[in-house]
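Below is one structure, written out as structure tokens, with a few remarks after it.
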Amino acid sequence: MIHSQLILFACLIFATSTVFTADSLAVMSIDLGTEFTKIAVVKPGIPMEIVLNKESRRKTPVIVAIKGKDREFGEAAISRSTKMPAQSYMYLRELVGKSLNNPIIEQYLKRFPYYKLNIDGHSSQLVFEHDSETNYTVEELLSMILKKAREYATDFAEQSVDSAVVTVPPYFTQSERRSIKRACELANIKVLQLMNDNTAVALNYGIYRRKDFNATGSTYLFYDMGAQSTTCTIATFNVVKIKEHGYVEEVPQLTIKTVAFDRDLGGLEFQIRLRDYFAKKFHEKHPKIDLYKHPKALTKLFREAERAKHVLSANVEYTAQVEGLIDDIDFKHQTTREEFENLCTDLFERIKRPVQEVLTTSGIKLSEIQQVLLFGGATRIPRVQNELTKVLGGVELGKSLNTDEAAAMGAVFQATALTKGYRVKKFLVKDFNQYPINVKFERQNDDSDQRILDKTLFNRNNTFPHRKVMTFNKHTDDFSFDVYYGNLTYLSLIDRRALGQTDLSRIDVTGVRTAYDKYKDTMESKGIKAHFELDDSSLLVLTRIEFVFERKDNDTDKNKAITKDEQSTLSKIGSKISSFFKSKTGDDGTKKGDEDEQNEETKTTSDEPSTKPLDNNETTNTTNDTSTTTTASTPTTPKQMNAREPLKFKIDLLDYPDPSEEAQTESKKKLSDLDAHDRELLALATAKNNLETFIYDARDKLEHDQRYKKATTSHERTKINEKLAEVDAWLWEDGVNADVKALKSKLDELKTLTKSLKIRVREVELRPKKLQELKDTLNMTEHFFRATRSVLFKTDTDEKPFTDAELKYLEKTIKDTYTWLDQVLAEFAKLSPTDTPKYLSTDIDDKTNALKRETNYLLNKAQRFVPKPKTTTPKVPVNNQNKADDDKSSTTSTSEPEETTTVTPPSTEEQHNDL
């Protein structure tokens, strides 16, 4: 019984685990770089592994080449780019969410003059002119690359993977982040989070060193120079206490202190300098040829500049050469590392600026930093490391991070933590937005004077995710307000211009008068509350706007006890007291005196936005925006707020317009058509490969495999070879343009022709093994029958586990099988090697399985059989007079039932021992 329960429990456990792993629990991360993309995946049984692409490489170039409807990705696209540069799209990440007049777009067209970028008249999006009929938006091209990354992850995980954490640079704006999310949606990828790549790198560093951190904290500087940009980050690791499910535990926490960046300092610019240098040297010898007007030649020179950059990072000289650069003219030039460094002198001088900026902004001294860690491919350039060593005062640079994979590995850990199907050790992450976000609106005073109010909603270095509520106290009619980037003086001129439009959106609020008239007679207005959220992707979201009303107090005498002047006086006193606890300057750089004056105006006009506590799980940051936290009105409790009337609002994006639903539908259809074409190409390639493989395999076997030679006659071999030659000739002539159906038809013809041959060869190999298995099964079954019959014959009971009919049927099956086996052996004795046998190995399997099935049935029945126990009635003494006689009797004195004997069939082990 206990054994049976254990078996049942094991079965339940197995079933549960099967259900758990069958569901699509795999998640991935996509480190979307400017030049390369790296993919990591986690699935049950595979913890945090980098995904290999179809070339078995751990990183894939971010490039897609399109010819007609044919697409190539990765290394194949790079090879094709030298033949069709204008249709091979690369370095796409920095183009998202920007207009045509953005300096980054202008620089991109200067670097790659063969691309044609325009603004689509219908969707107002940036598009590449592919040909006279087709345009591709940047998001569409990027979604193709993201979808290919998803395919690699799916193949690697052997199950569908559709959820991902995607890395983006920390300097990405609202429009750029929205654009990346839309590209992921086009690729059918569910974005768990847009994670800053510097944060992902720091997280990857911390998760393997969690035991090294304590409550005091450790400070690190991460310097990342990639293909497009440079980012410098100061981060701290410390242990904090959290309370969850009633328990307090200590967990490590990563906090991003400050970030500085240079959007145009990266490996690509070094490569462009080398390309232009080589072009200059070529023009000196061939002044009549302009390489910049020949895209193919310029692309070849660009690839050679990439090789030169890599070689000069490890060697002091390199000979650049391109055969047939243009018009059968070869290019060859020897350059040195010194010449390369002289070309990029101004770039090397910019290396120190991000380091100096993060140290100044954070207030952290260089001596407080535990280690400086390098990340990014461009940090391999020796001069970059030398300049860093100088600005850091000779500090040794840490090179323990995998410059290619650290971001992907950190992001996939975050993806696992965000997925419900996994339990991971907690590692808290505190990240900050890079740009202050302000709200600006127009207010009308009692004297009808117009006044523009400008308040900070989220300061720079505000943690996210984070929620805030802004209250508009005096509005009783429909109104509008603007959201824009605040004080950006800390950015360089290049980075400020790269932001493009600093106005983010305009929000039109409607239905205000209707809501006010509905409650004005019975309730008191507590203002219009706009609920904002800076989500975990650092995207600003306006969740709702509502008009809040509070029930009026019936005791009017108490309300009149305090006059307006007294309220104003009390408010001034409260504001004066609170000012003693404020810093002299706010986070947005405003002076204390100006801030107090603004608060004073708030109290008198009651029309300035104010930050209020949110209900339930919502929280409000009251430390970053002092100008919106102090108001004259008394805080109200949830019980006093009797009515919340939702208001309609419309958001008009001003930075970069989101495509309309019609444009999104058109993009999805365009991508769907390309995907369908890819599937057709794959099916066609598979059909051709299968047919070609069959022809070569059949020829090889007929020529070299002795088994096939013995199994065929010379006439049969000649016939097959002729058919193979015929189909092979067709494949390279008419078959070049054949469809999948025609290719499969030819393959079926060859399979039909060689079917009997393959059967003969297969049967020669399998027949001895199958016959021996049948004989062994017959022998075991016969012994089982005899042993069972012998045991039952000796048992003196009417209860038996088997019926006579079952035993007779087993006996008949054994005899029939022996008869069939003799007949089959006689048939096999007459066979020649070129004859197709009448009886196949599958027929032998059927007979073997029939015997096993009958034996297992009887064994299972015997194991479940339990005979009924015999019961006896005890003899009780009649009276005390017979006690003496009872004492003399030893068989009738007990009141307990007699011991019974249960006859059970032998267990499986015992039966085998008998055999």
Check your understanding: How far apart, in nm, are the 7 Å Cα→Cβ label points at L542 and T836?
Key -> 7.7 nm
Check your understanding: Considering only the other residues whose Cβ falls under 13 Å of the Cβ of N214, what net charge follows from Lys and Arg at +1 and Asp and Glu at -1?
Key -> +2
Practice item. Find the centroid of the Cα atoms in region 715-748 and in region 263-309, then give the distance between the two in whole Å. Key: 49 Å
Point to revise | Neighbour-count ranking [beta-carbon atoms within 10 angstrom, fewest first] of S660, S218, S56 | key: S56, S660, S218
Point to revise | Sites W730 and D697, calculated FRET efficiency, Cβ-Cβ separation with R0 22 Å, nearest 0.05 | key: 0.80
**Study point:** Under 5 Å, built H, 5+ apart or other chain: amide partners of K257
**Key:** I234, A235, T236
Study note, to complete from the structure: Put in order of increasing Cβ neighbours within 10 Å, starting from the fewest, I651, I528 give I651, I528
Check your understanding: What FRET efficiency do you get for K815 and V866 if R0 is 35 Å and r is their Cβ-Cβ distance, rounded to the nearest 0.05?
Key -> 0.65
Revision key, fill the gap. The answer for the per residue Cα convex hull volume of region 267-347, in Å³, is 87 Å³
Check your understanding: For the residue pair D678 and H783, what label-to-label distance in nm results when each label sits 7 Å from Cα along the Cα-to-beta-carbon direction?
Key -> 6.0 nm
Revision key, fill the gap. Pairs over 19 Å Cα to Cα, from K812/K852; K455/K529; K775/K852; K455/K520, come to K455/K520
Check your understanding: Using the count of nearby Cβ atoms within 10 Å as a rough guide to exposure, how do C184, C232 rank from fewest to most?
Key -> C184, C232
Practice item. Add +1 for every Lys or Arg and -1 for every Asp or Glu among the other residues with Cβ under 15 Å from the Cβ of L771, and state the total. Key: -2
**Study point:** Shape metrics for region 294-440, restricted to C-alpha atoms - Rg then Dmax, Å
**Key:** 21.5, 63
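Less than 13 Å Cβ to Cβ from D652, Lys/Arg counted +1 and Asp/Glu -1: what total charge do the surrounding residues give?
Details: positive: R506, K650; negative: D482, D503, D508, D655, D658.
Value of the local net charge: -3.
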Point to revise | Among the listed pairs K688/K719; K148/K352; K770/K868; K98/K426; K181/K425, those beyond 32 Å (Cα-Cα) | key: K148/K352; K770/K868; K98/K426
Revision key, fill the gap. The correct pair for region 661-753, radius of gyration to one decimal and Dmax as a whole number, both in Å and from Cα atoms, is 19.3, 69
Practice item. Among the listed pairs K669/K746; K430/K526; K147/K280; K43/K430, give every one whose C-alpha distance is greater than 29 Å. Key: K669/K746; K430/K526; K147/K280
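Normalised by the residues of region 661-753, what does the relative contact order come to in percent, with Cα pairs under 8 Å and at least six apart?
Once divided by the residue count of region 661-753, the mean separation gives 39 percent.
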Review point. What percent of all Cα-Cα pairs in region 387-447 falls in each 5 Å bin, counting up from 0?
Key: 3, 10, 10, 10, 12, 14, 10, 8, 6, 5, 4, 4, 2, 0
**Study point:** Cα-projected label distance for I759 with E806, points at 7 Å along beta-carbon direction, nm
**Key:** 3.9 nm
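Where a number appears in this text, it was derived from the coordinates with a stated rule and is not lab data. Being a predicted model, the structure only gives us computed values, none of them experimental. Every residue, glycine among them, receives a Cβ derived from its backbone with ideal geometry; neighbour counts consider all protein chains shown.
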